[in-house]
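Q: Attaching a single structure in structure tokens format; questions to follow.
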Amino acid sequence: MPERYGRPPQGVRPTPDRDSKDWWARLAGHEFAVQRCDTCHTARFPPRAFCPVCRTEDWRWAAVEPAGTVESWIVNRRPFMPGASEPYIVVLVRLAAVPGCLIHGGWDGDREPEYGQAVEGVYADMGDDLALLNWRPTEWHASP
Amino acid sequence: MAKRLLEFRDRTAVVGVGYTPFTKDSGVSTLTLACRAILAALDDAGLGPGDVEGLATHRVGDSAAPSLVGPALGLADPSWYLDQFGGGSVSHAVVAQAALAVAAGVAETVVCYRAINARSEFRMGGTGRGLPVSPEVQYQAPYGYFAPPQQYAMYARAHMQKYGTKAEHFGQLAVTQRANAVKNPRALMRTPITLDDYLASRWIAEPFRLLDCCLETDGACALVITTADRARSLRRAPVLISGAAWGGGDSHLSGGRADPTTTAAAALAPRLYAQAGLGPADIDVAQLYDCFTYSVIVQLEDYGFCAKGEGGPYVASGATALDGALPVNTHGGFLSEGYVHGVNHIAEAVSQLRGDAGDRQVAGAEVALSTAQPGYILPATSALLLRKG
């Protein structure tokens with residue numbers, strides 16, 4: 001039997017900074033964006049001013065498919081923060097769009113992730129112009 | 001290798017070690033703990049507060065600053081101090097920088113300390129207070145993720161998946177370190193445990209159980225650093241600082257590390273060994289930062305004691321036990337002695353090289369490695385190579 005999982009804390013909202021404010025605004029509009037360097041075209045996440053490869057400042061947002069593979073995950077058996085119903089899963093995803101980039105997120109599945117499993121992002125609207133990005137198996141919605 | 005760093009080899013020494021008791025509730029301020037440990041360390045060295053020319057600590061907004069400790073101990077015009085922001089990853093960098101100040105002649109004698117009420121006042125990653133100030137928090141905390149056991153569990157899982165590391169490997173490490181703590185009167189946890197005890201301990205964040213996690217501890221530890229020349233005339237046998245390295249490297253930050261199963265220590269280790277003119281085979285005893293079981297296993301690999309991916313089997317072979325090829329965390333480590341955010345590892349390394357570690361003494365120990373948090377939490381790590389003077 002697949003194990004039923006709880007949900008992470010609901011009340012913890014991100015505090016965007018001057019580098020990330022627009023990224024969060026795009027995520028709220030269900031767009032997953034990374035930065036692409038105008039000079040060398042290297043993609044990067046999370047948002048920051050300089051390209052770490054060519055050290056130039058000019059860049060633009062590039063909307064990409066939120067897709068990747070499972071690098072790791074944990075099953076939280078303690079609440080850790082108020083408002084959680086454990087056990088809840090946090091997953092570490094290797095992004096397809098940005099080589100070498102790992103991103104954390106919630107897990108939107110009713111069984112445990114698998115190492116190397118293909119996953120896609122799911123936008124979770126949290127109200128007040130905030131969305132978070134959770135992850136689920138890529139074939140999840142395609143199965144009959 | 002910068003030439004100046006080679007000149008730094010064996011120029012400075014640790015000449016005093018001081019502790020407060022390790023407890024779950026000290027009942028006193030971190031300022032009080034700091035003063036007690038510093039005075040104990042000076043006494044151990046045969047020195048007094050009048051000899052102190054510099055003070056150094058690391059902290060995360062949770063403890064007494066050098067600028068408070070100096071006046072509290074009536075120190076007249078300290079000529080050098082360091083108030084290093086950061087957690088365990090910078091613990092050894094503090095001593096490294098103190099040693100540089102001493103070698104440069106800025107201050108002849110410096111005391112490095114760490115004082116924490118990490119159980120009764122300020123729990124690392126704990127709830128009930130504001131989140132840490134770091135841009136990275138926004139990408140993790142909304143998912144219910146930012147406490148150190150969660151972060152380390154995430155990397156431990158990746159290592160298990162990639163290399164076949166097993167829960168039993170983590171468990172054997174916890175069992176081995178507890179056996180050392182049984183022989184350490186200072187240790188908080190002195191009841192032996194078995195692998196079954198480990199496997200039966202409750203889940204915290206899978207793959208971590210309770211016994212994968214270090215002890216939230218109230219306590220302080222201090223070290224007196226001076227020149228190798230002066231050390232020869234002091235009370236205790238000097239322990240020379242042969243290598244002291246710190247560095248960056250990536251971290252758990254989103255987008256920060258392409259391979260989560262290798263730490264910043266892998267980049268630092270070659271520089272550290274070259275500076276000291278030593279290698280893994282020369283090390284008689286190692287105190288490896290054990291905020292969690294997994295951090296020891298990955299450092300055994302990244303400091304070159306075994307091949308990448310072989311850290312688990314290396315521990316299971318018994319190599320890290322007191323009678324093994326490389327005794328590790330001979331005091332019981334943060335898992336079983338107590339957690340003073342890196343500094344009690346250095347103190348234990350000094351004790352082993354002095355030969356005063358009692359029932360847990362490693363016979364003939366002449367070279368010791370002591371390491372900081374290997375860089376998963378903040379993008380930095382640091383380490384010391386110490387040698388019997």
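The values are calculated or read from the model by the stated rules, or taken from the named source; none is laboratory data. Quick caveat, the model's predicted, so the values are computed rather than measured. With ideal geometry, Cβ positions are generated from the backbone for all residues, glycine too; neighbour counts draw on all protein chains shown. These area figures cover heavy atoms from the full protein model, side chains too; ligands, DNA and RNA do not enter into them. Shrake-Rupley method; radii C 1.70, N 1.55, O 1.52, S 1.80 Å.
Q: Mind checking the mean number of beta-carbon atoms from other chains within 10 Å of the Cβ atoms in A:101-109? List each step's numbers first, then the result.
A: Working: counts 5, 11, 4, 14, 6, 4, 1, 0, 0.
Whole-number average of other-chain Cβ neighbours for A:101-109 is 5.
Q: Considering only protein heavy atoms, what per residue accessible area in square angstrom results for chain B with a 1.4 angstrom probe? Intermediate values should be presented prior to the final figure.
A: On the way: 12750 Å² over 389 residues.
Here the residues of chain B average 33 Å² of exposed surface.
Q: At 1.4 Å probe size, with the rest of the protein present, what percent of the exposed accessible area of chain B is carbon and sulfur atoms?
A: Numbers: 6800 of 12750 Å².
On chain B, the fraction of accessible area on carbon and sulfur atoms equals 53 percent.
Q: Continuing with the same structure: Enumerate the amide H contacts of A:Tyr88 below 5 Å, restricted to partners 5 or more residues apart or on another chain; note that Pro and chain-start residues carry no placed amide H.
A: A:Gly6, A:Asn76
Q: Further, regarding this structure: For the stretch A:50-135, which chymotrypsin sites (Phe, Trp or Tyr not before Pro) pass both filters: DSSP loop (anything but H, G, I, E, B) and at most 16 other C-beta atoms within 10 Å? Intermediate results must be reported in sequence, preceding the final value.
A: On the way: sites: A:Phe50, A:Trp59, A:Trp61, A:Trp73, A:Phe80, A:Tyr88, A:Trp107, A:Tyr115, A:Tyr123, A:Trp135; in loops: A:Phe50, A:Phe80, A:Tyr115.
For chymotrypsin sites (Phe, Trp or Tyr not before Pro) across the stretch A:50-135 that sit outside H, G, I, E and B with at most 16 neighbouring Cβ atoms in 10 Å, the list reads A:Phe50, A:Tyr115.
Q: List the GluC sites (Glu not before Pro) in the stretch A:47-144 that DSSP assigns to loop (not H, G, I, E or B) and whose Cβ has at most 14 other Cβ atoms within 10 Å. Which are they? Before the final figure, lay out each step's value.
A: Details: sites: A:Glu57, A:Glu71, A:Glu114, A:Glu120, A:Glu139; in loops: A:Glu57, A:Glu114, A:Glu139.
For GluC sites (Glu not before Pro) across the stretch A:47-144 that sit outside H, G, I, E and B with at most 14 neighbouring Cβ atoms in 10 Å, the list reads A:Glu57, A:Glu114, A:Glu139.
Q: If I build a Gaussian network model for chain B, linking alpha-carbon pairs within less than 10 angstrom, which residue out of B:Lys24, B:Lys308, B:Lys162 has the largest mean-square fluctuation?
A: B:Lys162
Q: Stokes-Einstein at 25 °C, 0.890 mPa s, Kirkwood radius from Cα pairs: D for the stretch A:16-64 in µm² s⁻¹?
A: Numbers: Rh = 10.8 Å.
Approximately 227 µm²/s, per Stokes-Einstein.
Q: Only Cα pairs under 8 Å and at least 6 apart count here; give the relative contact order of chain B as a rounded whole percent. Let's see the in-between values first.
A: Numbers: 932 pairs, mean separation 98.7, N = 389.
Value for chain B: 25 percent.
Q: Turning to a different aspect of this structure: Using just the C-alpha positions of chain B as equal point scatterers, what log10 of I(q)/I(0) does the Debye formula give at each q in 0.08, 0.10 1/Å?
A: Once normalised to I(0) and log-transformed, intensities are -0.36, -0.57.
Q: Where both partners of a DSSP beta bridge lie in the protein assembly as shown, what percent of those bridges are antiparallel, to the nearest 5? Before the final figure, lay out the partial values.
A: Values: 68 of 84 bridges.
Here the share of antiparallel DSSP bridges comes out near 80 percent.
Q: Let me ask something else about it. Between B:Asp196 and B:Thr23, what is 0.36 nm times their sequence separation minus the Cα-Cα distance? Round to one decimal in nm. Please report the intermediate quantities before stating the final value.
A: Numbers: separation 173, 0.36 × 173 = 62.28 nm, distance 2.65 nm.
Full-extension gain reported as 59.6 nm.
Q: Averaged over its residues, how many other protein chain Cβ atoms are within 10 Å of peptide B:150-162's Cβ atoms?
A: Values: counts 6, 4, 1, 6, 9, 4, 2, 9, 7, 1, 2, 7, 4.
The mean count of partner-chain Cβ atoms within 10 Å per residue comes to 5.
Q: Starting from the Cα of B:Lys24, draw a straight line to each of the aspartates and glutamates and keep only those under 13 Å, dropping any in the same chain fewer than 8 residues away.
A: Hits, sequence-local ones excluded: B:Glu121, B:Glu216, B:Asp218, B:Glu337.
Q: Related question: In whole percent, what relative contact order does the stretch B:33-179 give with Cα contacts below 8 Å and a gap of six or more residues?
A: Details: 139 pairs, mean separation 32.3, N = 147.
The normalised contact order for the stretch B:33-179 reaches 22 percent.
Q: Just tell me which lysines come within less than 29 Å, Cα to Cα, of B:Lys162; anything on the same chain fewer than 8 places away is out.
A: Those lysines meeting the cut-off are B:Lys308.
Q: Next question, about the same structure. If you roll a 1.4 Å probe over the stretch A:16-64 with all protein chains in place, what percent of the accessible area is carbon or sulfur? Intermediate results must be reported in sequence, preceding the final value.
A: Details: 1320 of 2750 Å².
Whole-percent figure for carbon plus sulfur exposure: 48.
Q: How far apart, in nanometres, would the label points at B:Asp282 and A:Trp61 be if each is projected 7 angstrom from Cα along the Cα-to-Cβ direction?
A: Label at B:Asp282, label at A:Trp61, 5.5 nm between them.
Q: Ok, one more. Enumerate the calculated ³J(HN,Hα) couplings along the stretch B:373-389 in order (Karplus 6.51 cos²θ - 1.76 cosθ + 1.60, θ = phi - 60°), each rounded to whole Hz, writing x wherever the residue is Gly or Pro.
A: Those phi angles translate into 3, x, x, 6, 8, 10, x, 7, 8, 7, 7, 10, 10, 10, 9, 4, x Hz.
Q: I'd like the antiparallel share, as a percent to the nearest 5, of DSSP beta bridges with both residues in chain B. Before the final figure, lay out the partial values.
A: Working: 36 of 50 bridges.
The antiparallel fraction comes to roughly 70 percent.
Q: Related question: Tell me which cysteines of chain A come out unpaired when the rule is another cysteine's Cβ under 4.7 Å.
A: Here A:Cys101 come out as lacking a disulfide-compatible partner, given the Cβ-Cβ threshold of under 4.7 Å.
Q: Restricting to the stretch A:66-144, compute how many DSSP beta bridges are antiparallel as a %, nearest 5. Intermediate results must be reported in sequence, preceding the final value.
A: On the way: 23 of 25 bridges.
Given both bridge residues lie in the stretch A:66-144, the antiparallel proportion sits at roughly 90 percent.
Q: Indicate the helices, whole DSSP H runs only, in chain B that combine a mean Kyte-Doolittle hydropathy of -0.5 or more with a Cα extent along their long axis of 18 angstrom or more.
A: B:30-45, B:91-103, B:167-182
Q: Moving on to the next point. Please identify every one of the trypsin sites (Lys or Arg not before Pro) in the stretch A:77-144 that sits in a loop by DSSP and has no more than 14 other beta carbons within 10 Å of its own beta carbon.
A: Numbers: sites: A:Arg77, A:Arg94, A:Arg111; in loops: A:Arg77, A:Arg111.
Of the trypsin sites (Lys or Arg not before Pro), the ones in loops of the stretch A:77-144 whose Cβ has at most 14 other Cβ atoms within 10 Å are A:Arg111.
Q: Nearest 100 Å², what total accessible surface is buried between chain B and chain A (probe 1.4 Å)? Present the calculation step by step, with values, prior to reporting the outcome.
A: On the way: alone 14370 and 8880 Å², together 20120 Å².
Buried surface at the B/A interface: approximately 3100 Å².
Q: Further question: Give me the inter-chain shielding for A:66-76: mean count of other chain Cβ atoms within 10 Å, whole number please.
A: That works out to 6 on average.
Q: Once ligands and nucleic acids are excluded and a 1.4 Å probe is used, how much of B:Ile204 is accessible, expressed in Å² to the nearest 10?
A: 20
Q: Based on DSSP H runs of at least 4 residues, each adding -39500 (n - 2.57), what is the mean residue ellipticity at 222 nm of chain B after dividing by all its residues, to the nearest 500 deg cm²/dmol?
A: Details: 13 runs with 127 residues, N = 389.
Counting only the DSSP helices, I get -9500 deg cm²/dmol.
Q: Next up: With θ set to phi - 60°, apply the Karplus curve 6.51 cos²θ - 1.76 cosθ + 1.60 along the stretch A:47-61 and write out the HN-Hα couplings as whole Hz, x wherever there is a Gly or Pro.
A: x, 7, 5, 9, 6, x, 8, 10, 6, 10, 9, 7, 7, 9, 5
Q: Per the Cauchy relation, a quarter of the hull surface: what is the mean projected area of the convex hull of the alpha carbons in the stretch B:252-335, in nm²? Write down the numbers at each step before the final one.
A: Working: hull surface 23.7 nm².
Average projection, Cα convex hull of the stretch B:252-335: 5.9 nm².
Q: Still on this structure, please answer the following. Is the shape of the stretch A:66-144 rounded, prolate or oblate, going by the alpha carbon gyration tensor and its root eigenvalues a ≥ b ≥ c, with a/c under 1.5 for rounded and a/b larger than b/c for prolate? All intermediate terms of the calculation are to be shown ahead of the outcome.
A: On the way: a/c = 1.43, a/b = 1.30, b/c = 1.10.
Rounded.
Q: Once amide H atoms are built 1.01 Å from N in the peptide plane, which residues 5 or more positions from B:Gly16, or in another chain, come under 5 Å H to H?
A: B:Val224
Q: List the aspartates and glutamates whose Cα sits under 14 Å from the Cα of A:Lys21, skipping any in the same chain fewer than 8 residues away.
A: Correct list for A:Lys21: A:Glu31, A:Asp129, B:Glu136.
Q: Continuing with this model, one more query. Please work out whether chain A counts as rounded, prolate or oblate from its C-alpha gyration tensor, where a ≥ b ≥ c are the square roots of the eigenvalues and a/c under 1.5 means rounded, while otherwise a/b larger than b/c means prolate and anything else oblate?
A: Details: a/c = 2.09, a/b = 1.56, b/c = 1.35.
Prolate.
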